[in-house]
Amino acid sequence: MENSVQVLKQLPVYQPSLIGNEKKYVIDCLDSSWISSKGKYIDLFEEGVAKYLGVNHAAAVCNGTVAIHLALLALGIGEGDEVIVPTLTYIASVNAITYTGATPIFIDSQADSWQMDPADLERKITKRTKAVLCVHLYGHPCDMDAIMPIAREHDLFVVEDCAESFGSLYKGQHTGSFGDIATFSFYGNKTITTGEGGMVVMNDETLYDRCVHFKGQGLAKHRQYWHDVVGYNYRMTNICAAIGLAQLENIDVFLNQKKQVAGWYREGFADTSVTFHEPIGDVYHSYWMCSILVASAKDRDPLRNHLAKKGIETRPLFYPVHTMPMYSQKFARFKTAEDLGWRGMNLPSYPGLTKEDVEYVVNSIKSFFGNV
Ligand SMILES: *Cc1c(COP(=O)(O)O)cnc(C)c1O
């Protein structure tokens, strides 16, 4: 036997691809000294995102969490109001509702798409319901044909949390262009990144003006240093926007690479007991995350440990938010969300993964179940 040391593969769940003009544009910010929250890259990035999505307006902000807060503020949501949100989501979707003083009302998910269940949405509407927050989870769009008529009938605002769905399509139309207002995150592990960053997009000009007003300290329009509401500093820097613009230039590259990665996983899991997160209906699943369900919840964490030993990072699916201490005062069960939450995990999902990397992950999973 040779005495060679085998270098263990290290596959993180995500890493950004900074393969384009990121460095060039950031250096331009430094050379020109436009490093704060004014400058050409903010405008170019906002215009670029709005054009890509097919919406009228975009307002850049410093992260995806404040983007949701700002969207809710712009709609005038606050104390006494209820906002319906899936329990199976990232914590920020729910916390942003709490920041406004409104009450988050949880709903269950659908077993096949993992998205919010429109039937449960309809059941949870009360006289106090003001809005529904649709989260297009892991890059799979929500069932907008079912959700929009319910929202219209009950006079609810529709807010789309598209933090995980940049580039996802429902019947050929971009997520983020269905509701009254939509939000994006550009955190380092999102489909396009600015390091930390976010965006609020909308067609309505008044909503856009309200977002700009609230994100810039509530500055009055026609009087300097005069503030007419309690505002926030939620602005994005020109440096972040410079990175974002460079990322946006490569969005098609990223989406195609992610689609290829998802295809390799799909092939790998055919004829196994593992369920791969597939697109349901006429949608384009952008595969922010490639995710699986194991057949039995008791296998999930042992499998994650097995993969960790092989240098493969995974994440559990989101823990349903209604089970977390600050949201669990009222005992409630959400059967599907809980089942998905306990059986699911995200696999390495970034654009730079090779076919060999994906095969290594698939084979490592198969070896856990003893079928290799
Ligand atoms: C990432 C994410 C957010 C928050 O974005 P940040 O930029 O991290 O603040 C909100 N909602 C969902 C569903 C997310 O995945």
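The values are calculated or read from the model by the stated rules, or taken from the named source; none is laboratory data. Here the structure is a predicted model, which is why all the values come from computation and not from measurement. Heads up, the Cβs are rebuilt from the backbone with ideal geometry, glycines too, and the neighbour counts pull from every protein chain shown. Keep in mind that these areas ignore ligands, DNA and RNA; they rest on the heavy atoms of the full protein, side chains included. Shrake-Rupley method; radii C 1.70, N 1.55, O 1.52, S 1.80 Å.
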*Working carefully through the options Asp155, Asp161, find the one that is of a type outside the set (A, V, I, L, M) and either outside the structural domain of Leu53 (by TED's automatic domain parsing) or away from the ligand (no atom under 16 Å from the Cβ) (or both).*
Asp155
_Pairs with Cβ under 6 Å, 6+ apart, first in the stretch 72-97 and not assigned by TED's automatic domain parsing to the domain that holds Gln115, second within 10 Å of the ligand (Cβ to nearest atom)_ = none
*Does at least one position in the stretch 216-224 carry a residue that is open to solvent by less than 20 Å² (accessible area, probe 1.4 Å) and within 16 Å of the ligand (Cβ to nearest atom)?*
no
_Being basic (Lys, Arg) and assigned to a helix (DSSP H, G or I) is the filter here; which residues of the stretch 235-280 pass it?_
Lys258, Lys259, Arg266
*Considering each of Thr89, Thr100, Thr175 in turn, give the residue that is of a type in the set (Ser, Thr, Tyr) and away from the ligand (no atom under 14 Å from the Cβ).*
Thr100
*asked:* It is to be established whether one or more residues within the stretch 268-282 are in contact with a Leu (Cβ under 8 Å, 6 or more places away or on another chain), open to solvent by 30 Å² or more (accessible area, probe 1.4 Å), within 28 Å of Thr89 (Cβ to Cβ) and away from the ligand (no atom under 16 Å from the Cβ).
replied: yes
*asked:* I'd like to know if the stretch 215-234 contains one or more residues that are in the same structural domain as Tyr187 (by TED's automatic domain parsing), over 21 Å from Tyr52 (Cα atoms) and part of a helix (DSSP H, G or I).
replied: yes
*asked:* Take the conditions outside the structural domain of Val294 (by TED's automatic domain parsing), touching a helix residue (DSSP H, G or I) at 6+ places or on another chain (Cβ under 8 Å) and modelled with pLDDT of 95 or more and apply them to Leu137. Does it pass?
replied: no
*With Thr89, Thr126 as the choices, which residue is in a loop (DSSP other than H, G, I, E, B) and out of contact with any Leu (no Cβ under 9 Å at 6 or more places or on another chain)?*
Thr126
*Within the bounds of the stretch 244-262, is there any residue that is of a type outside the set (D, E, K, R), touching an Asp or Glu at 6+ places or on another chain (Cβ under 6 Å) and open to solvent by 30 Å² or more (accessible area, probe 1.4 Å)?*
no
_In the stretch 296-324, the residues that are among the β-branched types (Val, Ile, Thr) and either open to solvent by 40 Å² or more (accessible area, probe 1.4 Å) or assigned by TED's automatic domain parsing to the domain that holds Tyr138 (or both)_ = Thr323
*Quick one: which residue in Phe331, Phe276 is within 25 Å of Asn189 (Cα to Cα) and free of Cβ contacts under 8 Å to residues at least 40 places away in the same chain?*
Phe276
*Contacts under 6 angstrom Cβ, first residue in the stretch 129-143 being within 13 Å of Thr191 (Cβ to Cβ), partner hydrophobic (A, V, I, L, M, F, W, C), 6 or more apart*: His136/Cys142; His136/Cys162; Tyr138/Trp288; Tyr138/Met289; Gly139/Trp288
*Go through the stretch 66-75 and count every residue that is of a type outside the set (Gly, Ala, Ser), more than 10 Å from the ligand (Cβ to nearest atom), in contact with a strand residue (DSSP E or B) (Cβ under 8 Å, 6 or more places away or on another chain) and in a helix (DSSP H, G or I).*
2
*Hey, can you tell me all the residues within the stretch 178-197 that are buried (at least 22 other Cβ atoms within 10 Å of the Cβ), in a strand (DSSP E or B) and near the ligand (Cβ under 9 Å from one of its atoms)?*
Thr183, Phe184, Ser185
*Report whether or not Ile27 is more than 26 Å from the chain's Cα centre (by Cα), farther than 12 Å from Gly244 by Cβ and not in a helix (DSSP H, G or I).*
no
*State which residue is nearest to His322 (Cα to Cα) when the search covers only the stretch 76-86 and only residues that are away from the ligand (no atom under 13 Å from the Cβ) and buried (at least 24 other Cβ atoms within 10 Å of the Cβ).*
Ile84
